[in-house]
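What follows is a single structure, written as structure tokens, with notes after it.
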Amino acid sequence: MARLLIIGTLEGELGQAGRLAHARGARLLQADGTMAALEVLRSQGADLVFCDIAHDVAWLVQTLLEERIATPVIACGRTHDAEAALRAIRAGARDFLPLPPDAELIAAMLAAVSGHDDAPVVQDGQMRALLERAAQVARSEASVLITGESGTGKEVMARHIHAASRRARGPFVALNVAALPESLLESELFGHEKGAFSGAVAARRGKFEQADRGTILLDEIGEMQPHLQAKLLRAIQEREVDRLGGAAPVKIDVRILAATHRDLAVEVRAGRFREDLYFRLNVVTLRIPPLRERPGDILPLAAHFAQRYAQVNGLPQRGLSPAAQSALLGHPWPGNVRELENALHRAVLLAEGREIGPEAIELLATAPFQAVAEAIAIIPAGPRPLNSPVAALVGRRMEEVERELILETLGRCLGNRTRAAEILGISIRTLRNKLHEYRGQGVAVPPAASQLAPGELMPLERG
């Protein structure tokens, strides 16, 4: 359930937006102005903010940045006030919600920040067995490590465990460790006291405190830096957190779920992940197989996404033609369920007629990568043939080749930086630094999936 903070009166069209969000399952919080909103965000937190453009959106966004509060702000106003909307976006608002509100646009915004709350869609035998194991684990208080490639549905599994647990009435708070810079991550996790750093003008509860009596999901836990791993280990052992600048620990009652696409046992052996933290998190492991290993789920998932996006976009419900089904079953799905979801969203928008045909199914071309890999694999040691793929790179600067490889991989991963970093064999932080460097050089960089406006084809990165 997403937590939505509305800044402004609940009367009129902004209140209507709140009621539409509540009907979609959001938990509503309200503040009359930006100062009151800051107090709510410091004490309770929120997943999304709707702010009337009558208030100082620019000041709010800047203050959140200074206080290290990573909550996206949506500016809300009448469609005719284009200048105010433009100012809000330039000031850092994530998006603009025209009033009177559109129910499906609000649904897309909520889905973008919290993930879809659907139960897992499964038919394959492997996944059925995994859900049975998850149901057993859910009733306990044990920490669970959810593993699997990017896009397999790790957050969906975590939400399923929470919903089936004794903590289901409590909050579910998810945080992608890889999505935040280290300086912001510590405050986001553990909170801070007034004066803890420049800009910390008031105390703020972190994600652990916000998840009290509920569940916290630490997604991409393998990307956490060593000193934060030590602080997390203490939080798990002592059931308390130390806010930045705090004089005394704060007791917490939280169940911890962690997710990663990395092999943490390998990370432990390499010295990049603490062994004691690994054993604390790995009480029970649930490995979600990639989509290529559970073909029985492809068509049920495709039908589910087709129905969802037809409804979201106000389009007629269409089934998949036999040829379209064959195309889906024949694809290797390197991007897993997330890639399938994106493909069906596109297909719903492009389809004509009574069925979704193969002409509407646009799939990532994986052949070029495979062909180059196979060609390199069979080339013997020594001088390369003049017509080999590697020979075409001779004479080019290493920086140019690296840049093209990174940008091409990112584009093929639909902006999913976690997946791109996994393919490239580098950390998400290294990838982020490279992209920042390219922007400084004036190079066009594909947007991250997590930076797209709600309603675009690529959803926010989820496990």
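The values are calculated or read from the model by the stated rules, or taken from the named source; none is laboratory data. Note that the structure is a prediction, hence the values are computed from the model and not measured. Cβ placement follows ideal geometry from the backbone for every residue including glycine, while neighbour counts extend to all protein chains displayed.
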TODO: Check the stretch 47-64 and report whether any residue there is in contact with a Gly (Cβ under 9 Å, 6 or more places away or on another chain), of a type in the set (S, T, N, Q), loosely packed, with under 15 Cβ neighbours inside 10 Å and not in a loop (DSSP other than H, G, I, E, B).
DONE: yes
TODO: Could you please find all residues in the stretch 252-271 being outside any loop (DSSP other than H, G, I, E, B) and of a type in the set (A, V, I, L, M)?
DONE: Val254, Ile256, Leu257, Ala258, Ala259, Leu264, Ala265, Val266, Val268
Open item on the list: Whether any residue in the stretch 220-229 is touching a Gly at 6+ places or on another chain (Cβ under 9 Å) and of a type in the set (Val, Ile, Thr) is what I want to check.
Closed with: no
Task: Filter result (modelled with pLDDT under 90 and either part of a strand (DSSP E or B) or hydrophobic (A, V, I, L, M, F, W, C) (or both)) within the stretch 1-19 - done: Met1, Ala2, Arg3, Leu10
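Being at positive phi, in contact (Cβ under 8 Å) with a residue 40 or more places away in the chain and touching a helix residue (DSSP H, G or I) at 6+ places or on another chain (Cβ under 9 Å) is the requirement here; does Arg94 meet it? Talk me through it step by step, then tell me what you get.
Details: at positive phi: no; in contact (Cβ under 8 Å) with a residue 40 or more places away in the chain: yes; touching a helix residue (DSSP H, G or I) at 6+ places or on another chain (Cβ under 9 Å): yes.
No.
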- [ ] Among residues belonging to the stretch 318-337 that are under 24 Å from the mean Cα position of the chain (by Cα) and over 16 Å from Pro300 (Cβ atoms), point out the one that is surrounded by the most Cβ atoms within 10 Å (Cβ to Cβ).
- [x] Gly335
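For the condition of a type in the set (A, V, I, L, M, F, W, C) and either more than 17 Å from Glu188 (Cα to Cα) or in contact with a Phe, Trp or Tyr (Cβ under 6 Å, 6 or more places away or on another chain) (or both), what is the one hit in Leu232, Leu291, Leu244? Walk me through how you get there before you give the answer.
On the way: Leu232 fails: either more than 17 Å from Glu188 (Cα to Cα) or in contact with a Phe, Trp or Tyr (Cβ under 6 Å, 6 or more places away or on another chain) (or both); Leu244 fails: either more than 17 Å from Glu188 (Cα to Cα) or in contact with a Phe, Trp or Tyr (Cβ under 6 Å, 6 or more places away or on another chain) (or both).
Result: Leu291 is the single residue among Leu232, Leu291, Leu244 that is of a type in the set (A, V, I, L, M, F, W, C) and either more than 17 Å from Glu188 (Cα to Cα) or in contact with a Phe, Trp or Tyr (Cβ under 6 Å, 6 or more places away or on another chain) (or both).
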Open item on the list: Test of understanding: among Leu277, Leu233, which residue is buried (at least 22 other Cβ atoms within 10 Å of the Cβ) and either in a helix (DSSP H, G or I) or aliphatic (A, V, I, L, M) (or both)?
Closed with: Leu277
TODO: Kindly list the number of the only condition in (1) assigned to a helix (DSSP H, G or I); (2) within 18 Å of the chain's Cα centre (by Cα) that fails for Ile146.
DONE: (1)
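Can you go through Ala230, Ala235, Ala247 and tell me which one is aliphatic (A, V, I, L, M), at pLDDT below 90 and not assigned by TED's automatic domain parsing to the domain that holds Glu39? Outline the logic, then answer.
Working: Ala230 fails: at pLDDT below 90; Ala235 fails: at pLDDT below 90.
Going through Ala230, Ala235, Ala247 in turn, just one is aliphatic (A, V, I, L, M), at pLDDT below 90 and not assigned by TED's automatic domain parsing to the domain that holds Glu39: Ala247.
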TODO: Give the residue that is modelled with the lowest pLDDT, with candidates limited to residues of the stretch 75-93 that are surrounded by fewer than 23 Cβ atoms within 10 Å (Cβ to Cβ) and closer than 25 Å to Ser187 by Cβ.
DONE: Ala91
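Residues Glu352, Glu267, Glu339: which one is within 19 Å of Asp219 (Cβ to Cβ) and not assigned by TED's automatic domain parsing to the domain that holds Arg205? Outline the logic, then answer.
Numbers: Glu352 fails: within 19 Å of Asp219 (Cβ to Cβ); Glu267 fails: not assigned by TED's automatic domain parsing to the domain that holds Arg205.
Only one candidate passes the filter, namely Glu339.
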TODO: Identify all residues within the stretch 237-251 that are out of contact with any strand residue (DSSP E or B) (no Cβ under 6 Å at 6 or more places or on another chain) and either assigned to a strand (DSSP E or B) or touching a residue at least 12 places away in the same chain (Cβ under 8 Å) (or both); write none if there are none.
DONE: Gln237, Arg239, Asp242, Gly246, Ala247
